[in-house]
Amino acid sequence: MLELRNITKRFGDVLANDNVNIVVKPGTIHAIVGENGAGKSTAMRIAYGFYKADSGEIIVDGQARQINSPHDAIALGIGMVHQHFMLVSTMTVAENIVLGAEPGSEIALDLHKATTDIQGLSEEFKLAVNPHAVIEHLSVGQQQRVELLKALYRHARVLILDEPTAVLTPQEVDEFFAILRGMRQQGKTVVIITHKLSEVLAISDEVTVMRDGRVVGQVATKDTNAAELARMMVGREVLLRVEKPDADVGTAELSVKNLSVSTSNGTKRVNDVSFEVRKGEILGIAGVEGNGQTELIEALAGLILAAHLTGAIRLEGRDITRVNARARRELGIAHIPEDRHRRGLLLDFSLAENSILGVHYRKPVVSTAGVFLDDQAIRKRAAQIIEDFDVRPTNQELPARALSGGNQQKLIIGREFELHPKLLLVSQPTRGVDIGAIEFIHRKLVALRDAGCAVLLVSAELEEVTALADRLLIIHEGRIVGDVDPKVATIEQIGLLMAGGH
Amino acid sequence: MRDLFTIALIWSTVRLATPLILAALGGLFSERSGIINIALEGKMLAGAFTAAAVTYAADSKLHLGAASPWIGLLAGMSAGIFIAAIYAIVCIRYKADQVVSGTAINILMIGVPGFLSGALFLSSGSTPQIPKEQLIPWAPIIIAFAMVPITWYVLYRTPFGLRLRSVGENPEAADAAGVSVSRIRYSGVLIAGALAGMGGAYLSIGQSSLFTRNMTSGRGFIALAALIFGKWRPVQTLLACLLFGFTEAVSIQMQGAIKLPAFFATLLRQTPGDDIPVQFIQMVPYLLTIIVLAGFIGSSRPPRALGIPYQKEK
């Protein structure tokens, strides 16, 4: 059906795909697994014409084909749903689905026919969605259905799905898998890119495992198991269990009372939230992304205008609701942001410069005169962080951009730990980070907790948050809807709460 | 004061709004595709000069008579398209900064017509007078107003319009859906060139009878303001253009018609009862532009990808 033969693709100095061979058989669900940065998405984006391979060929239905743009891929019956949805948020469902393949003539768009066609497809594949709804008013799950319909509307025979479950609750994942099985039954071929082994085993017929831009194996799912796949992915035995002693909990460090956060147009992203984080514990917050976690953390870090907040934030009893971000850092709040490129680093600045962000105006980084940066002090600090947090490469003159995601993250974590915080706000600490670095980061977080720091952890990875947290809150549409003991609660229970159920 | 608001004033509003409507609708096509159109001014100037020069030549040298202004109008549009093509290549093919290259075109077009008129007509800055019967006072007005429903229809009821809007909002999504982002953007910018060129042509061979140096005097920017004030939608943009046209019409009627109140007289060191200084009245439309842009648009949301060149592989 679809075959990638000897595909090689380079981005600058990075070899993203190194002689990749993948064979997808018709009528199957084919999983492509690998760690972040293993080259899964790159390979599939080449198949969809988004990138052009440096060498190698793509075979569709037994014939070598030139695929220079998504337009070509669509013509050959290849559809793709990207990890970040490719939808125009101000337009309607119907407009998005027909875009580029519009019914009617060049001078008259037949939206009526579009609507009927879409309703037909909706029923056939059990993808209920209102064709007249505007995308930005839809939930992520519904938007995903629109993406699937978009591919089906173009008569896609092969659907490539890039990390489709990242945005779904466990229950939605089950529903989604049922839809995929239905598609397979109707003769469609599905390629699913993921890094979650449980999903691979649950849904796929065959698996291709990738590591460092290469294919390390292609096996039938029934002949393999999670342990074997993990070993192939990482290249060594992995133990993905966090080892931590019981928490030695002290008094409340942070207390949040009736906190609400509104956007400038008045919608409440965080709605009347109250909780405490005590010294020496990790408080986890689980939830489907986009349910107010970002706003909550940013409100606590002082990154949201006080005018948009109601309620009170107290640090060791002191009201800091109206204290700005710099003063909050001086009071002992450190922040590891969810998006390290947006909030965490200046990508074109050197590691040394990045390592002093947030302390760049005070001793010891600024010399006694209080005016000039002390180059030696900066180097010393940067070298310390690079060593303690195993940042590689170790050359502190390199721009942050030159580092892998995991090393960038370790640099940020090192910088924030260097503040010796009383409270650490940490969001998605291991997103886009390889498994080795994940183990390292987890150990560091637990060590900080054991040193008496209060840690507030937000993560979209349910396994991560349940493994690390001593207590777990569940957030849904800006409200805290559950408070569970992660040692006792099951994934199903937590998933149900994440979806807004009880 | 009452006799100010007459049929004449309405008529004057319509005439003054026409070049703004043409340019603003042109800008709409370009900006909805994601390309900022700060070069509207330059395109209008190109259109105005070319239309006047070609009409004059067609009439007095080729003796084409009544066809002359039509040829001039087409030539003005072509000049707008030509300038737009340069702008499009620079912005789309070479991904240059749209504000900087647009500004360069505006500055260039202040100089080029003067240079060309010097070379062609031995006059610095203006073209020779065109006889009154060879002007085209009506057609551009009709076209401008007809273009409003046409633009609406194209934007919301044709595949091209759907693609145009999607490319301006989320070019990656459009690309993923098999739409050629650059082709749509070229179309948008070229349509803008044609319409702005026509708007300029109307100034030189419709409203007046020759091209004078910098005769657009900022109308391209006012059109851009109207487009923003009109939230990048055809009907609202029309209304914004009419508002600006109206202010200009009022300011023209006010010249000499209103006496200077005592307070302002003292402020401006003039005798009470004098006419309001012409310069002050002429300032009003521009002042309004600033006030509108600064104060009233508030939540006007531009196409999301406006001004951002589309990079396929990141």
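Bear in mind that the values in this text are calculations on the coordinates, not laboratory data. Since we're looking at a predicted model, the values are computed, not measured. Note: ideal-geometry Cβ built from the backbone for every residue, glycine included; neighbour counts use all protein chains shown.
Values as computed for the structure displayed
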quantity: Per-residue average of Cβ from other chains inside 10 Å of B:152-165; calculated: 4
quantity: Value of relative contact order over segment B:2-296, rounded to a whole percent, pairs C-alpha under 8 Å and six or more apart; calculated: 33 percent
quantity: Shielding of B:179-187 by partner chains, average beta-carbon count, 10 Å; calculated: 1
quantity: Tail weight of P(r) past 14 Å, computed on alpha-carbon pairs of segment A:158-228, percent; calculated: 62 percent
quantity: Euclidean distance of C-alpha centroids, segment A:458-492 and segment A:91-131, integer Å; calculated: 39 Å
quantity: Beta bridge orientation in the protein assembly as shown: antiparallel %, DSSP, nearest 5; calculated: 55 percent
quantity: Relative counts (whole %) of C-alpha pair distances in segment B:24-144, using bins that are 5 Å wide; calculated: 2, 11, 18, 21, 17, 14, 10, 5, 1, 0
quantity: For A:66-74, mean number of other protein chain Cβ atoms within 10 Å; calculated: 3
quantity: Which of B:104, A:414, A:216, positive extreme of dipole for the protein assembly as shown (C-beta unit charges); calculated: B:104
quantity: Kirkwood Rh and Cα Rg combined as Rg over Rh, evaluated for segment A:2-234; calculated: 0.97
quantity: Listed peptides A:426-432, A:392-398 by packing density, highest first (mean Cβ within 10 Å); calculated: A:426-432, A:392-398
quantity: Relative contact order (percent, whole number), segment A:387-502, Cα cutoff 8 Å, 6+ residue spacing; calculated: 18 percent
quantity: Which listed pairs, of A:244/A:279; A:150/A:268; B:43/B:132; B:95/B:231, have C-alpha distances above 20 Å, in listed order; calculated: A:150/A:268; B:43/B:132; B:95/B:231
quantity: Percent of C-alpha pairs per 20 Å bin, the protein assembly as shown, short to long; calculated: 13, 36, 33, 15, 2
quantity: Burial order of peptide ranges A:224-231, B:213-220 (average beta-carbon count within 10 Å, highest first); calculated: B:213-220, A:224-231
quantity: Sites residue A:61 and residue A:8, calculated FRET efficiency, Cβ-Cβ separation with R0 25 Å, nearest 0.05; calculated: 0.60
quantity: GNM flexibility winner over chain B from B:283, B:147, B:44 (Cα, springs under 10 Å); calculated: B:283
quantity: Ratio Rg/Rh, restricted to chain B and using Cα atoms, in which Rh is the Kirkwood radius; calculated: 1.01
quantity: Net dipole in debye of the protein assembly as shown [+1 Lys, Arg Cβ; -1 Asp, Glu Cβ; about Cα centre; nearest 20]; calculated: 1780 debye
quantity: Among A:353-366, A:126-139, the order from most to least packed when residues are scored by Cβ within 10 Å on average; calculated: A:353-366, A:126-139
quantity: Selection from A:29, A:138, A:103 lying farthest towards where the dipole of segment A:2-234 points positive, charges on Cβ; calculated: A:29
quantity: Dipole in debye (nearest 20) - segment A:2-234, about Cα centre, beta carbon charges: Lys, Arg +1; Asp, Glu -1; calculated: 440 debye
quantity: Among the listed pairs A:25/A:188; A:196/A:222; A:363/A:444; A:9/A:52, those beyond 18 Å (Cα-Cα); calculated: A:363/A:444
